[in-house]
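In what follows, a structure is listed as structure tokens, so that the remarks can point back to it.
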Amino acid sequence: METAPVLFKEWSGYLKPEDISQLQSAYDFSEAAHEGQFRKSGEPYISHPLAVANILAQWHLDPQALTAALLHDVMEDTAVTKTEISRNFGKPVAELVDGVSKLDKIEFETQEEAQAENFRKMLLAMARDVRVILIKLADRLHNMRTLEAVEPEKRRRVARETLEIYAPIANRLGLNAIFQELEDLSFAHVFPERYRVLARAVKGARGNRREVVGKVLDAIRRKLKAGGVEAQVHGREKHLYSIYRKMREKHLAFAQVLDVFGFRIIVNDVAACYLALGALHALYKPIPGKFKDYIAIPKANGYQSLHTTLFGPLGSPLEIQIRTQEMHKIAEAGVASHWLYKSSDTSLSELQKKTHQWLQSLLELQSQSGDSVEFLEHLKVDLFPDEIYVFTPRGRILSLPRGATAVDFAYAVHTDIGNRCVAVKINQELLPLRTELKTGDRVEIITAAHAKPNPSWLNFVVSAKARSRIRHFLKTMHFQESVQLGERLLNQTLAALGSSAAAISDAQWEQLTREAGVKSKQEIVSDVGLGKRLAAVVARKLLSLAAPGPHEAPPPGSVVIRGSEGVAVQYAHCCKPIPGDPIVGIISKGQGIVIHTHDCPVIARGRNDPERMLDVSWDPETRKPFDVSIKLVVANRRGVLAKVAAEIAEAGSNIQNVAIDPEDGSDYTNMLFTLQVQNRLHLAGIVRELRRIPEVARITRVKG
């Protein structure tokens, strides 16, 4: 381990003497704060913050970041406060240390919640200042390098967390060297036996393939020289975890992974990249479909290169990366290259812009997420490294996670476009919204003014932004609808008790919200609509706050069901009621009112709790279509399905689903249709028309 004086001398190559003086003060302060503390390895604790600062110094980070690195554990592990750090080293350093510090002193219900909140805080601090995550990644990198001293169970947990969160963040920020080292270190601790076996196999292959690699390098250098392209050519061994991931995803044995070695060509400018590509394609035949131009369309983390795979000697594929020197710097150091390579290069400013956009999207996700665990789920979705690139109608390029659908695209363009999308044109062809997009697709979203997100979209969207926006809309809509229904239920119950909503004062509501431990009147009314509180209990409590005494409730009037209440009113699947059916309502906790037909067997259980039972009736003006199932017994003849479907369409109904019994040689068969109807009268008209078909022997309505 190098000592502080040695490291300070190394850092003085790019820092001023006054900066080194401040770092010496921070080191002395941290050493005093950690006095008597030791790492699991037995080393004095100060060795860890010093190592973290040294990693950052290799990226030429500024003195504030290095100072924060030396102090990053003092708030967490000692009695030092943020105010004390601010007083001694300035507010920016204190903010950086606070952003990196964990939340160990706050009590959480579960370890998962604690960790999720920890990430949420760290990432929000990072959105304000990207140096927070650079310090955190350096901290995690040193911890991973020294993880052997930790007990096995914690070792595996930390390594898995690194693999799931920290390595993808490093990749997302373009910190390629750290990303690969974190993956390999995590792999060694999560799957130690697999790591050992694979490391041994790669070491063995290294000797066997050295001669082939040498020949390929010589051939590439000669070809480029002949083509007048000045270039540095390097052979590189892929890191172990990427080899393991390829074996697992493609179900290959190690002997089948032929591209353990890749080749990197670094040229002087962008034009030379394409010249080098042409020369290589003349040297070895390219494998179709394996060419990617990340120069024209850079990755979201700013990465740029040409990728091609060639048929090499002995038939083994050769993976080649071609890039300029500037692209290589960004590929290795990512967002840290902003400090490491001071330059006015447009690609650097573009990288900073992309990083800023991603960090801002984290802030937006956090504001939409209900809790830390949900935020962490969104973050994990957003960290998937594989991306596709699609075009808007005006030619703008959008990057989306692999597997993204038209709905993901709509939300990537704008939240309002996502909320109002109803259809999509992909390459001029009308397709369903759940259609998976491919790189190069031209996508046009069709919207409607009154459209809104469908809960079923959550089953197929893959981007964090789309998932977060849909959930936020549904939560808001759910709350508003449950408030409206709750108000109707409460008004009806108050009327039955001889009072009215207008008679309830603000003081009564304030007292009730205090006693209930909620923030607002709307929360209580929403709970009534969702069935979490009974309208009769809330109404009596409100009245008792004004004039104590019993209130006998006469039978309340019926609640009118309009069919437009949304998620606050559910229609039971067991009996599938439609307008015209005699109905009963049951208040179900968390679901609002569930409507059943009066003869449904399920409501027999609800009669034991009369306060949950509601007298409900249909609004005569209901226009919403309702699903209903009918079973037909029909003669097994050619064309009968077409006749039945035609009659249903003629009667003004839409077929949602149809199922037919498999052919068994009998003269008659069963057909089960799910139709959309306006009311019972509409259904009767459909049944009447179907009975006129000679092949139809019997029709029954199916409930449940």
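The values are calculated or read from the model by the stated rules, or taken from the named source; none is laboratory data. Given the structure is predicted, the values throughout are model-derived calculations rather than measurements. Cβ sites come from the backbone with ideal geometry, for glycine too, and all protein chains shown count toward neighbours. Only protein heavy atoms, including side chains, enter the accessible area calculation; ligands, DNA and RNA are left aside. Shrake-Rupley method; radii C 1.70, N 1.55, O 1.52, S 1.80 Å.
Quantify, in whole percent, the carbon and sulfur part of the accessible surface of segment 392-433 (1.4 Å probe; protein heavy atoms only).
51
Computed FRET efficiency, Cβ-Cβ of residue 76 and residue 218, R0 41 Å: what is it to the nearest 0.05?
About 0.15, to the nearest 0.05.
Residues with amide H under 5 Å of residue 424's amide H, sequence separation 5 or more or different chain, H placed in the peptide plane at 1.01 Å from N; which?
Those qualifying (amide H under 5 Å, at least 5 residues apart or on another chain) are 431, 446.
Taking amide H positions as placed 1.01 Å from N in the peptide plane, with prolines and chain starts having none, which residues 5 or more places from residue 388, or on another chain, fall under 5 Å of its amide H?
Correct list: 400, 402.
Just to confirm, what accessible area per residue do you get for segment 131-266 at 1.4 Å probe, in whole Å²?
48
Rounded, prolate or oblate: pick one for segment 614-684, where a ≥ b ≥ c are the square roots of the eigenvalues of its C-alpha gyration tensor, a/c under 1.5 means rounded, and failing that, prolate if a/b is larger than b/c, else oblate.
prolate
Tally Lys/Arg at +1 and Asp/Glu at -1 over every other residue whose Cβ is under 11 Å from the Cβ of residue 244; what's the total?
The answer is +2.
Given a 1.4 Å probe and heavy atoms of the protein chains only, how would you sort 73, 98, largest accessible area at the top?
Heavy-atom accessible area, descending, gives 98, 73.
Given a 1.4 Å probe and every protein chain left where it sits, what share in percent of the accessible area of segment 146-248 is carbon and sulfur?
It is 49 percent, rounded to a whole number.
Counting Lys and Arg as +1 and Asp and Glu as -1, what is the net charge of the other residues whose Cβ lies under 9 Å from the Cβ of residue 701?
That works out to +3.
Taking the solvent-accessible surface of protein heavy atoms with a 1.4 Å probe, what is the per residue accessible area of segment 611-671 in Å²?
That works out to 61 Å² per residue.
Taking amide hydrogens as modeled 1.01 Å from N in the peptide plane, which residues meet the under 5 Å criterion relative to residue 559, leaving out close sequence neighbours?
615, 616, 617
Accessible surface of residue 41 in the full protein assembly, 1.4 angstrom probe, to the nearest 10 Å²?
Rounded to the nearest 10, the figure is 70 Å².
Tell me, what HN-Hα J-couplings in whole Hz come from the Karplus equation 6.51 cos²θ - 1.76 cosθ + 1.60 at θ = phi - 60° for each residue of segment 178-183, using x for Gly and Pro?
My calculation for segment 178-183 gives 5, 3, 5, 5, 4, 5 Hz in order.
Along Cα→Cβ, 7 Å out, is where each label goes; now give me the distance between the ones at residue 425 and residue 297 in nm to one decimal.
Those two pseudo-labels are separated by 2.0 nm.
May I ask for the distance between the Cα centers of segment 455-476 and segment 43-107, given as a whole number of Å?
Here the answer is 38 Å between Cα centres.
Using each residue's phi in segment 268-280, evaluate 6.51 cos²θ - 1.76 cosθ + 1.60 at θ = phi - 60° and report the 3J(HN,Hα) Karplus result to the nearest Hz, with x for Gly and Pro.
7, 8, 4, 4, 5, 4, 6, 5, 4, 4, x, 5, 5
When the Karplus curve 6.51 cos²θ - 1.76 cosθ + 1.60 is applied with θ = phi - 60°, which whole-Hz ³J(HN,Hα) does each residue of segment 650-662 get, with x for Gly and Pro?
Calculated HN-Hα couplings, in order: 4, 7, x, 10, 10, 8, 7, 7, 9, 9, 10, 4, x Hz.
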